[in-house]
Every structure is written in C-alpha cells, then in structure tokens.
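Notes follow once the structure below has been shown.
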Amino acid sequence: MEKYFNVGKIVNTHGIRGEVRVISRTDFPEERYKIGNTLFLFMPGSKEPEELVVKSHRTHKNFNLLTFEGFENVNQVERMKGGILKVPETQRGELEEGEFYFQDIIGCNMFTTEGEELGKVIEILTPGANDVWVVKGAKGKEVLIPYIEDIVKKVDVKEKVIIIEPMEGLLS
C-alpha cells in the first residue's frame, strides 16, 4: 500500500469562487501547491482519497489559499472542510545533504557527543535563519536546539538518532 505524507489541512472556504484555506504542514509549499500538481484529499470516515489538481495558489496571512480544477464555487468545496491534503511518498523528492523532512526528524532520540540522552524531538520551529528542534526530556522539560552545523553533529533518520555537541549555556 502506498504511503502518503500530510501537506496541509483544509480549515475553511475563502470567498465564493471555490477557494479553500489550508494550514500548511509541508516544508515546501511553493512546490506542493504548484499549479498543475496533484494532491490527494483524505476526508474523515472516507476510505478512498479524492484526487485534486491545483488550479491556483496564493498566500494570505499565514494560510495558503488554493483552488482545484473543476471546483468553481464555494458550494462545491464546502464539503472539503476538515480534510487532509497529502502527497504519495513517490512525490516526496530528494533532498540535499544536510536537509531533512520534518516527519523524519520528529520522533528522533537526541544524545550529546558524550552519550547523554536529552530526549525526543517533538516539534520543529521555523523562526527565521535556522530551524529550532524542540526536544522533550525524560522529566518533561523541553530544550530548544538550533539546527546549526556547530551543534548538530550527526543525524541518522533510519536509526532515529541525532547527536549534538552541547555548547556552553545550551542545556542549562
């Protein structure tokens, strides 16, 4: 069975011309929502996904607004609210060295170069220049680790292990 990856959730309609408002969960919105791209809509309680072809894409505030071929008005897309947009694993694409998909990093166990276990990566923040990995420790304390070369020494997504070099003040 083909594996799918979540790229966004349709949270509402926008206007009357069949536009939907999407909260994006993808690292590559420009690529995923490119005109002519195929996305698969998974609705709660539905067995089979619906194939949709992107007709238009724009951003508005922190949402992505999409229209799909064959859906011209709000009445046709109203039923899509709450649906999850996904792409098949085959569309995932190759990354450059040192680049990772969010879903490959989340769930990894993080250790220091000395072998001390810090916890599991539970979230990735994208505040600006560098991504920040949120690590939840055994005692429930969260530690923020910037994804920069000086700190992150090894990432093994197959083994779900990340090794970091703790810098002064980072873990205190």
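The values are calculated or read from the model by the stated rules, or taken from the named source; none is laboratory data. Computed from a predicted model, the values in this text were never measured in an experiment. Ideal geometry is used to build each Cβ from the backbone, glycine not excepted, and the neighbour counts take in all protein chains shown. These accessible areas exclude ligands, DNA and RNA; they are computed on the full protein's heavy atoms, side chains included. Shrake-Rupley method; radii C 1.70, N 1.55, O 1.52, S 1.80 Å.
Look at the range 29-53: where a residue is on the phi > 0 side of the Ramachandran plot, no partner that is loosely packed, with under 13 Cβ neighbours inside 10 Å and in a strand (DSSP E or B) sits 6+ places away or on another chain with Cβ atoms under 8 Å. Of the residues that sit in the range 25-46 and are within 14 Å of G8 (Cβ to Cβ) and touching a Ser or Thr at 6+ places or on another chain (Cβ under 9 Å), which one is surrounded by the most Cβ atoms within 10 Å (Cβ to Cβ)? Going through the qualifying residues, I end up with R32. What do you reckon, is L85 under 14 Å from the mean Cα position of the chain (by Cα), farther than 30 Å from K153 by Cβ and either touching a residue at least 40 places away in the same chain (Cβ under 8 Å) or in a loop (DSSP other than H, G, I, E, B) (or both)? Here the answer is yes, as L85 does meet what is asked. Taken across the range 47-59, residues that are open to solvent by 40 Å² or more (accessible area, probe 1.4 Å), outside any loop (DSSP other than H, G, I, E, B) and acidic (D, E) do occur, with at least one present. Of all residues in the range 60-74, those satisfying the criterion of being closer than 16 Å to V7 by Cβ and open to solvent by 40 Å² or more (accessible area, probe 1.4 Å) are N62, F63. Of the residues that sit in the range 124-172 and are hydroxyl-bearing (S, T, Y) and within 23 Å of T26 (Cα to Cα), which one is surrounded by the most Cβ atoms within 10 Å (Cβ to Cβ)? My answer is Y147. Look at I106 and say whether it is in contact with a helix residue (DSSP H, G or I) (Cβ under 6 Å, 6 or more places away or on another chain) and open to solvent by 50 Å² or more (accessible area, probe 1.4 Å). Spelling it out, it is not the case that I106 is in contact with a helix residue (DSSP H, G or I) (Cβ under 6 Å, 6 or more places away or on another chain) and open to solvent by 50 Å² or more (accessible area, probe 1.4 Å).
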